[in-house]
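The structure appears below as structure tokens.
The values are calculated or read from the model by the stated rules, or taken from the named source; none is laboratory data. Just so it is clear, the structure is predicted and the values come from calculations on it, not from any experiment. Don't worry about glycine lacking a Cβ; one is built from the backbone with ideal geometry, like all the others, and counts go over all protein chains shown. Accessible surface is based on the protein model in full, side chains and every heavy atom, while ligands, DNA and RNA are left aside. Shrake-Rupley method; radii C 1.70, N 1.55, O 1.52, S 1.80 Å.
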Amino acid sequence: MANETFIGWMTSIQQYMEQALEKLLPAAGCAPQRLHEAMRYATLEGGKRVRPLLVFAAGELVGAERDNLARIGAALEMVHAYSLVHDDMPCMDNDVLRRGKPTCHIAYDDATALLVGDALQTRAFELLSQPMPGIAPASQLEMVRTLAHAAGHAGMAGGQAIDLASVGLPLTLPELEFMHMLKTGALIRASVLAGSMAGRELSGAEKEALDAFAKRIGLAFQVVDDILDCEADTATLGKTAGKDAANDKPTYVSLMGLAEAKRMAKDLHDQAFAALQGFGPQADRLKQLADYIVARSF
């Protein structure tokens, strides 16, 4: 029954976020029309919206307003969508399938895809910087700083640079963890932290506990992604299966083996749960999302 309740909540947030993104993205008919169409193509009608879901779950923990959480979630999702558009381009991972449809540079062209990423990223910060009723300007500024840090050289972009430089090279487990804490984990962590800034002020201990949860579930997300790349097919993934192995990229599965990677995901899940222990039932949505993230594969 609890699982059904969570599925209902998740579906409701996903639908709400789709509507919010529809409104917050530029209209397709406005000039420059091709760019706006491509921005919408890359962002709408696809993806599980994990980052907005984390924003909403953390926001529920602090009693945040739904409309504010939708705006914050849209900003996180636009940064995520931009990263996928650029990641799929020929100069990066050179992929042709994303979310079950042709990648942006295939559906349009390389130059348009490059501009789509640029425009989605800047639109995200525009959204976060606009006044949100009930949220102090200082909190909004902290959200902007948190997202900028997570997306930049010390976060997602830095992790991607390490990933590109690591093709064909043997990495140690700490090196692999560091890369994915930046590449994947940083934006997931930012989603949790940004959502928690939209309501009541957390104590120092509560902030540390939430940060510990976010770091562990962000790393677990990538471990599970590596497992799925090995075990799932292209139709299930919505992107090309087995591409990391084909490109000789270091993954948790290639480094540890499938069984140990699954064990690591389970351990990270348990650590994430332990970090939320002091919050009580208020953290149930975050726990359910942790279940969902890890249970995608096993």
Here the relative contact order (percent) of segment 9-55, from C-alpha pairs under 8 Å and at least 6 apart, is 42
Do you know the Lys pair count in the chain for C-alpha distances under 22 Å, with sequence separation 8 or more or different chains? 28
Lys and Arg at +1, Asp and Glu at -1: neighbours of ALA38 with Cβ under 15 Å from its Cβ sum to 0
Roughly how far apart, in whole Å, are the Cα centres of segment 173-193 and segment 24-61? 22
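Under the rule of -39500 (n - 2.57) per DSSP H run of 4 or more residues, summed and divided by the residues of the chain, what mean residue ellipticity at 222 nm is obtained, to the nearest 500 deg cm²/dmol?
Numbers: 16 runs with 206 residues, N = 298.
It lands at -22000 deg cm²/dmol.
Could you give the dipole magnitude of segment 31-110 about its Cα centre, charging the beta-carbon of Lys and Arg +1 and that of Asp and Glu -1, in debye to the nearest 20?
Rounded to the nearest 20 debye, it is 240 debye.
Listed highest first by mean packing, meaning other Cβ atoms within 10 Å per residue, what order do 266-278, 209-221, 165-177 come in? Each step should come with its number before you reach the end.
Values: 266-278: 17.1, 209-221: 22.5, 165-177: 12.7.
Highest-to-lowest ranking by the protection proxy: 209-221, 266-278, 165-177.
Can you check what the net charge comes to around VAL192, using other residues whose Cβ is under 10 Å from the Cβ of VAL192 (Lys, Arg +1; Asp, Glu -1)? Kindly include the intermediate steps, with their values, before the conclusion.
Values: positive: ARG51, ARG189, LYS215; negative: ASP211.
Neighbour charge sum, excluding VAL192 itself: +2.
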Label 7 Å along Cα→Cβ of GLU231; segment 273-296 residues with amide nitrogen under 14 Å? 292-296
Gyration tensor (alpha-carbon) shape descriptor, segment 172-225, a/c threshold 1.5: prolate
Could you work out how far the C-alpha centroid of segment 278-298 sits from that of segment 97-157, in angstrom? 25
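Taking all protein chains as present, what is the carbon and sulfur share of the accessible area of segment 1-160, in % to the nearest whole number, probe 1.4 Å? Numbers along the way, then the final one.
On the way: 3970 of 6860 Å².
Roughly 58 percent, rounded to a whole number.
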Once all protein chains are kept in place, GLU37 shows an accessible area at probe 1.4 Å, nearest 10 Å², of 70
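With every protein chain left in place, what is the accessible area per residue of the chain in square angstrom, probe 1.4 Å? It would help to have the intermediate numbers written out before the result.
Working: 12880 Å² over 298 residues.
Value for the chain: 43 Å² per residue.
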Consider the candidate values (i) 51, 47, 37; (ii) 64, 54, 37; (iii) 67, 41, 39; state which one is Cα extents along the principal axes in Å computed from the structure displayed. (i)
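Ranked highest first by average number of other Cβ atoms within 10 Å, how do 91-102, 194-205 line up?
Details: 91-102: 16.0, 194-205: 18.2.
Going by the mean number of other Cβ atoms within 10 Å, highest first, we get 194-205, 91-102.
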For a protection proxy built on the mean count of beta-carbon atoms within 10 angstrom, sort 133-141, 77-85, 149-157, 256-264 highest first, please. 77-85, 149-157, 256-264, 133-141
Show the residues, 5+ positions off or on another chain, whose built amide H is closer than 5 Å to the amide H of LEU97. THR103, THR240
Where is the GNM fluctuation largest for the chain (alpha-carbon springs, 10 angstrom cutoff): GLN130, GLN282, GLN160? GLN130
By Kyte-Doolittle mean hydropathy of at least -1.0 and Cα axial length of at least 24 Å, which whole DSSP H helices of the chain are selected? 2-24, 66-87, 110-129, 204-231, 258-275
Enumerate the residues in segment 57-100 having an amide nitrogen under 17 Å from the point lying 7 Å beyond the Cα of ASP110 toward its Cβ. 85-97
